[in-house]
Each structure stands twice: as C-alpha cells, then as structure tokens.
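The values are calculated or read from the model by the stated rules, or taken from the named source; none is laboratory data. Computed from a prediction, not measured in an experiment: that's the story for all the values here. Ideal geometry is used to build each Cβ from the backbone, glycine not excepted, and the neighbour counts take in all protein chains shown. For the accessible areas, the whole protein counts, side chains as well, though only heavy atoms, and no ligand, DNA or RNA atoms are used. Shrake-Rupley method; radii C 1.70, N 1.55, O 1.52, S 1.80 Å.
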Amino acid sequence: MFKVTISCPGQETQIMLEHEEKISSLLRYLDPKYAIMAARKDNHAISMDDIVDGECRIDFLDIRDNYANMAYQTSLTLLYCRAIHDILGEEMKVAVANSLSRGLFTTIKTTVTNELADEIENRMKELCKSDEKIETDGGKARMGNELHNVSVHLVPSASWLGNFEVKRYRNGMLLRFAHPSKPDEIPVYEEQKMMYDAFSEELQWQRLLGVNYANDLNKLIEKGGWQDMILLSEALHEKKIAEIAYAIKTSGKRMVLIAGPSSSGKTTFAKRLCIQLRVNGLKPLYLGMDDYFVDRCDMVPDENGKLDFESISAIDVGLFEKQMNALLDGSKCDIPEFDFVTGKKVFGKRITSLEKGQPIVVEGIHGLNPQMSAGVPDEQKFKIYISPLTQLNIDPCHRVPTTDARMLRRMVRDERTRGYDAEQTIMRWPEVRAGEDVNIFPYSKYADVFFNSHCIYELAVLKKYCEPLLKKIEPVSPAYPEATRMLRFLSYFDAIEDERYIPNNSIVREFIGGGVIMS
C-alpha cells in the first residue's frame with residue numbers, strides 16, 4: 001500500500017492505493033469543474049495511460065493550463081484528420097494552416113462545402129462516442145493509420161474530447177473549440193478577414209522562400225541557402241512596411257496608432273515605418289505610449305494588491321489625449337519621458353510642436369483601444385495591428401502556435417535587457433496572455449492594416465539562445481513542465497549559429513540584440 005496525493009484545479013486529496021493503477025483511473029477520486037486534458041507526476045508531464053506504482057503526486061490539468069490546452073488542441077486535430085480520412089479516404093491531404101476566429105483554419109485538397117463540414121463534425125462525434133483510441137509512441141501519435149509528430153502527451157481516446165464544431169470558411173474549414181477563458185463553451189464566432197488575408201500573404205511569402213515546414217528550413221540550414229532566405233525574408237518585410245507608409249501618405253491621416261501583443265516587434269516596426277514615411281516626404285514624430293504611464297505612486301492596486309501595468313488604467317489617458325490634440329492643432333507640448341527607475345514621468349526634455357502635415361507615430365499595447373484617443377477625430381487616425389503570425393508548421397497537422405513564438409522572443413529579450421531568467425518569463429506569461437485577451441485582441445478588428453512581424457527563419461535563430469535558458473530550469477520549478485515542452489518543440493528545428501546575414505534593423509534584432517534600432 002502506498003500514498004498518492006492527487007489534485008485538479010480547486011481540489012486536492014490524498015489516497016492510499018493497494019496496487020498499481022493507470023493515472024487516468026485516479027480521476028474517480030476528484031470532481032473537476034472542467035474536462036481534464038493532461039496530467040503531471042511529481043512535476044513531470046506524463047501520459048494518462050502511465051502507471052502509478054509508488055508514492056507520488058499527480059496533478060490533473062484542464063485547458064486553462066497551457067500544456068493541457070496544447071494537448072487538447074493536438075488531440076482534437078488528430079480526431080479531425082481521422083474523420084476526414086474516414087470520409088474522403090486515407091490519401092486525402094489535410095493541413096492545419098493557422099489559428100483564426102478562435103479556432104484552427106485548415107485546408108483540404110477537395111471542394112469544401114457546408115455539407116462536408118457537417119459530415120466531418122458528425123464523424124468526429126461518432127468517434128468520440130465509440131471512444132476511438134489515440135496511440136502514442138515517443139514523439140509520434142496516431143488515430144487511424146497516419147502517424148503525426150506531437151510535442152505533448154495526448155488524451156488517451158476520443159471520448160475525452162468534446163464541445164467542438166466544424167465550419168466551412170472560404171476555401172477551407174475552421175475547427176473551433178473551447179477557449180481557456182471559458183473552458184466549457186465554444187466562443188462566439190467572429191469574422192477575422194484581415195487576419196485571414198495576412199495569413200494568405202504569409203503563405204505566398206513562404207512559397208517564394210521555399211519553406212513550408214520545419215524540415216524545409218532544416219534542409220536549407222544543412223545544405224546552404226539559408227543566407228539568401230534570411231535576406232529575402234527581410235526584403236519582404238521592408239516591402240510591406242514601404243507599402244504601409246505609402247498608404248499613410250495617400251490617406252492624409254496624421255495620427256498613426258500601432259498596437260499588438262507582447263513581443264510583436266512594435267518598437268522596431270514603428271521606427272522602420274518612420275524611416276519609410278520620411279522616404280515619402282513626411283517628417284513623423286515618434287512617441288511611445290509607455291511614456292504616458294501613470295506615476296507609480298498614483299496607481300491603484302487590484303483586488304490582489306498588485307499593480308496592473310497591462311491595463312489601460314495604467315496610462316494617463318487624459319494627458320495623452322490632450323497632448324495629441326494640441327500637437328495636431330500646431331501647439332507646443334511638453335512630451336513626458338517615463339523614468340522606470342523612479343516610476344514617474346519626467347517633463348522638460350521634449351518640448352515640441354508639429355509642422356503642417358507632420359504625422360505622429362504612436363506605438364503601445366493600447367493603441368487601437370478607442371478610449372485611448374477618443375478625443376481625436378477618427379478621420380485623423382491610421383490604425384495598424386502587428387503580431388508575428390507563424391505560418392511555418394512542424395508538419396501539415398502540427399502547427400507552431402503564435403503564442404509560443406512570442407514567448408520565445410520575450411524570453412531572449414527578458415534575459416538580455418531586463419535581468420529576468422526563463423523561469424520568470426514562463427511564470428509571468430499566463431498573466432501577460434490574460435491581459436492581452438482583455439486589452440489587445442478585442443481591438444484588432446479596428447485596424448486599417450495588419451503587419452505580420454514573423455520572420456520565417458527566427459525559430460532557428462532563437463533556438464540557440466532559448467535552449468540554454470530553458471535547460472537551467474530545475475525539475476522542482478513550477479515552470480519546469482512548460483520548459484520541457486518548449487525544449488521538445490525546439491528540437492524540431494536546427495539552429496542558425498551565424499547571425500551576420502540578419503540585418504541590424506531586423507525585428508529579430510529587437511530580441512537577440514545587435515540592432516541599430518533600440519527597443
């Protein structure tokens with residue numbers, strides 16, 4: 001007989017076992033509020049089919065945990081592919097392209113119809129009802145005959161999955177499912193045409209570059225050709241920025257607002273945009289919204305006693321609005337600089353005014369929030385949303401989540417410029433993501449233009465920085481399971497060691513350093 005501590009969010013108990021049991025069978029001692037998708041044994045991610053045969057701790061996780069959420073999405077993707085192959089045959093090609101409209105946009109090499117969407121969804125539900133097994137072997141998994149790469153432990157069978165829908169969208173299908181913010185319901189559908197167009201453009205770029213999957217990138221690194229791929233990737237970025245600058249010029253709008261989630265490359269993009277605006281004969285004034293932070297002594301803590309720097313309440317909206325209108329009217333303004341050491345705005349360093357027709361370029365996470373510039377006439381605003389949308393996948397059914405790419409960027413920058421180690425970055429990330437869901441993502445729909453800041457080669461560059469940082473995290477750390485997942489994910493990519501071909505104004509330089517545009 002041996003003692004096992006088991007838990008799920010909000011519950012914990014100890015049990016005595018007389019003989020070994022499967023991890024999944026221990027759920028009978030708990031009453032989880034939401035469906036369980038993953039488990040940890042003594043802080044190590046494990047399969048639900050693993051055996052408990054001695055004293056240990058087992059933590060069961062629902063999709064509010066990032067690892068469990070990835071297990072959920074990956075398992076559901078396998079179920080989706082299996083249903084398509086059952087209906088259309090094993091040879092039918094399916095690819096998970098990207099996240100879209102709180103789901104996954106997928107392509108199928110056939111004519112897509114609403115009737116086919118219904119047929120796929122119904123077949124998935126049949127497989128759930130029959131409890132179709134998911135077989136795993138190391139880093140591979142199968143449901144049916146096709147093997148897929150996986151970087152997380154999947155659920156044991158289809159009956160663990162539910163609450164999904166399949167919807168035809170343009171030339172593909174949307175696989176939609178519950179979101180961590182509301183784990184028991186499918187989010188309301190929202191059209192994201194601008195995001196779809198951005199992904200379509202990225203797909204065209206990939207075809208130009210000849211890189212669709214991780215293995216394509218690895219072959220270039222191994223055999224040569226990656227240098228040209230970097231330069232071409234950067235040239236495509238510059239072309240897009242030049243197009244946006246020309247659109248601003250022809251619009252006649254004078255207030256350019258740039259917003260996007262953490263580690264999108266907002267600062268580098270904004271300053272490169274300023275250069276392109278100058279090429280178009282304009283003299284932009286660059287401003288960072290961080291300089292309008294409320295003095296720290298005047299901030300009101302939240303219910304947990306913490307200061308929320310991600311909330312719009314952390315910005316002196318009144319001062320920002322007043323100064324923007326004054327500048328646009330030709331008046332002089334004393335633009336503040338925020339001192340992050342003292343936690344106060346400093347005045348007297350930037351007293352400036354605008355010439356006739358001179359635009360203001362403002363970047364910050366709240367740039368597209370209507371509250372931020374409510375007093376500025378809409379006809380004066382040109383709104384840009386920026387994010388690194390990763391179209392590069394491991395294989396057709398194993399995507400690279402945009403949030404993972406952003407976390408790796410932030411991890412490298414945190415360690416280089418802010419003195420935070422990888423453990424601190426990982427532990428802060430859920431809070432950052434929660435803030436983005438409230439303060440950033442809902443306002444992306446107001447953008448006039450979308451800029452995809454992803455560089456096709458960046459994961460191969462970030463790998464050499466991130467791996468040593470992740471390997472420092474101790475097994476007892478609460479960040480350890482996520483660190484091991486990220487190491488597994490990075491193992492699919494070969495590293496680019498030589499950085500000479502990365503231009504010094506690249507968005508990647510904002511994170512790895514060595515750039516001429518300072519963040």
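Given the condition at pLDDT below 85, open to solvent by less than 20 Å² (accessible area, probe 1.4 Å) and of a type in the set (A, V, I, L, M, F, W, C), answer yes or no: does some residue in the range 196-206 qualify?
Looking for residues that are at pLDDT below 85, open to solvent by less than 20 Å² (accessible area, probe 1.4 Å) and of a type in the set (A, V, I, L, M, F, W, C), one finds at least one in the range 196-206, hence yes.
Look through the range 411-429, keep the residues that are in a helix (DSSP H, G or I) and under 19 Å from Val476 (Cα atoms), and return whichever of them is nearest to the chain's Cα centre (by Cα).
Trp429
Residues checked against (1) in a loop (DSSP other than H, G, I, E, B); (2) over 14 Å from Pro359 (Cβ atoms); (3) without any contact (Cβ under 8 Å) to a residue 12 or more places away in the chain:
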| residue | (1), (2), (3) |
| --- | --- |
| Ser264 | yes, yes, no |
| Thr267 | no, yes, no |
| Leu282 | yes, no, no |
| Leu287 | no, no, no |
| Asp290 | no, yes, no |
| Pro301 | yes, yes, yes |
| Gly305 | yes, yes, yes |
| Phe309 | yes, yes, no |
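Taking the stated definitions as given, is Ile258 under 29 Å from the mean Cα position of the chain (by Cα) and within 30 Å of Gly435 (Cβ to Cβ)?
yes
Would you be able to say whether some residue in the range 124-144 is of a type in the set (Lys, Arg), open to solvent by 70 Å² or more (accessible area, probe 1.4 Å) and either part of a loop (DSSP other than H, G, I, E, B) or under 25 Å from Lys182 (Cα atoms) (or both)?
yes
From the list Glu510, Glu467, which residue is of a type in the set (Asp, Glu) and within 30 Å of Asn43 (Cα to Cα)?
Every option except Glu467 fails the conditions.
With (1) open to solvent by 20 Å² or more (accessible area, probe 1.4 Å); (2) touching a residue at least 24 places away in the same chain (Cβ under 8 Å); (3) over 27 Å from Asp118 (Cβ atoms) as the list, and Glu191 as the residue in question, which single condition is left unmet?
Result: Glu191 fails condition (3) only.
How many of the residues making up the range 320-341 are open to solvent by 50 Å² or more (accessible area, probe 1.4 Å) and among the small types (Gly, Ala, Ser)?
Number satisfying all stated conditions: 1.
Select from the range 353-381 the residues that are at pLDDT 90 or above and either small (Gly, Ala, Ser) or in contact with a Leu (Cβ under 7 Å, 6 or more places away or on another chain) (or both) and list them in ascending order.
Ser353, Leu354, Gln358, Pro359, Ile360, Val361, Val362, Gly364, Gly367, Leu368, Gln380, Lys381
Can you pull out every residue in the range 91-118 that is in a loop (DSSP other than H, G, I, E, B) and open to solvent by 10 Å² or more (accessible area, probe 1.4 Å)?
Result: Glu91, Met92, Lys93, Arg102, Lys109, Thr110, Thr111, Val112, Thr113.
How do the pairs read when you match residues in the range 106-127 that are without any contact (Cβ under 8 Å) to a residue 40 or more places away in the chain with residues anywhere that are among the aliphatic types (A, V, I, L, M) and surrounded by 13 or more Cβ atoms within 10 Å (Cβ to Cβ), using Cβ under 6 Å and keeping only pairs 6 or more apart or on different chains?
Pairs that qualify, where the first residue is without any contact (Cβ under 8 Å) to a residue 40 or more places away in the chain and the partner is among the aliphatic types (A, V, I, L, M) and surrounded by 13 or more Cβ atoms within 10 Å (Cβ to Cβ), are Glu119/Ile87.
Residue-wise test of (1) within 25 Å of Pro370 (Cβ to Cβ); (2) open to solvent by 70 Å² or more (accessible area, probe 1.4 Å); (3) within 26 Å of the chain's Cα centre (by Cα).
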site	(1), (2), (3)
Gly265	yes, no, yes
Ala270	yes, no, yes
Arg278	no, yes, no
Tyr286	yes, no, no
Asp295	yes, no, no
Asp298	yes, yes, no
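Yes or no: the range 229-244 includes at least one residue that is part of a loop (DSSP other than H, G, I, E, B), open to solvent by 30 Å² or more (accessible area, probe 1.4 Å) and at negative phi.
no
Check off (1) without any contact (Cβ under 8 Å) to a residue 40 or more places away in the chain; (2) open to solvent by less than 30 Å² (accessible area, probe 1.4 Å) for Lys223 and give me the number that stays unchecked.
The one condition Lys223 does not meet is (2).
Which ones in the range 245-261 are open to solvent by less than 30 Å² (accessible area, probe 1.4 Å), assigned to a helix (DSSP H, G or I) and over 30 Å from Glu499 (Cα atoms)?
Across the range 245-261, the qualifying residue is only Ile248.
Yes or no, residue by residue, for (1) at pLDDT 95 or above; (2) out of contact with any Gly (no Cβ under 9 Å at 6 or more places or on another chain); (3) within 21 Å of Pro388 (Cβ to Cβ):
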residue: Asp216; (1), (2), (3): no, no, yes
residue: Leu220; (1), (2), (3): no, no, yes
residue: Leu231; (1), (2), (3): no, yes, yes
residue: Thr250; (1), (2), (3): yes, yes, no
residue: Ile258; (1), (2), (3): yes, no, yes
residue: Ser262; (1), (2), (3): no, no, yes
residue: Gln276; (1), (2), (3): yes, yes, yes
residue: Phe293; (1), (2), (3): no, no, no
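What pairs come out if I take residues in the range 80-91 that are touching a residue at least 12 places away in the same chain (Cβ under 8 Å) and under 10 Å from Leu127 (Cβ atoms) and pair them with residues that are of a type in the set (Gly, Ala, Ser) and open to solvent by less than 60 Å² (accessible area, probe 1.4 Å) whose C-beta lies under 8 Å away, six or more apart or interchain?
Matching pairs, first to second residue: Arg82/Gly144; Asp86/Gly144.
Based on what the data block shows, is Val152 among the aliphatic types (A, V, I, L, M), open to solvent by 10 Å² or more (accessible area, probe 1.4 Å) and under 18 Å from Asp395 (Cα atoms)?
Answer is yes for this residue.
Consider only pairs whose beta carbons are under 6 Å apart and that are at least six residues apart or on different chains; among these, list those whose first residue lies in the range 428-445 and is touching a residue at least 60 places away in the same chain (Cβ under 8 Å) and whose second residue is surrounded by 14 or more Cβ atoms within 10 Å (Cβ to Cβ) and aromatic (Phe, Trp, Tyr).
Pairs that qualify, where the first residue is touching a residue at least 60 places away in the same chain (Cβ under 8 Å) and the partner is surrounded by 14 or more Cβ atoms within 10 Å (Cβ to Cβ) and aromatic (Phe, Trp, Tyr), are Ser444/Tyr385.
Listed here are the residues, each with its yes/no results for (1) open to solvent by less than 10 Å² (accessible area, probe 1.4 Å); (2) among the hydrophobic types (A, V, I, L, M, F, W, C).
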position	(1), (2)
Ile15	no, yes
Asp31	no, no
Ala68	yes, yes
Ser75	yes, no
Gly89	no, no
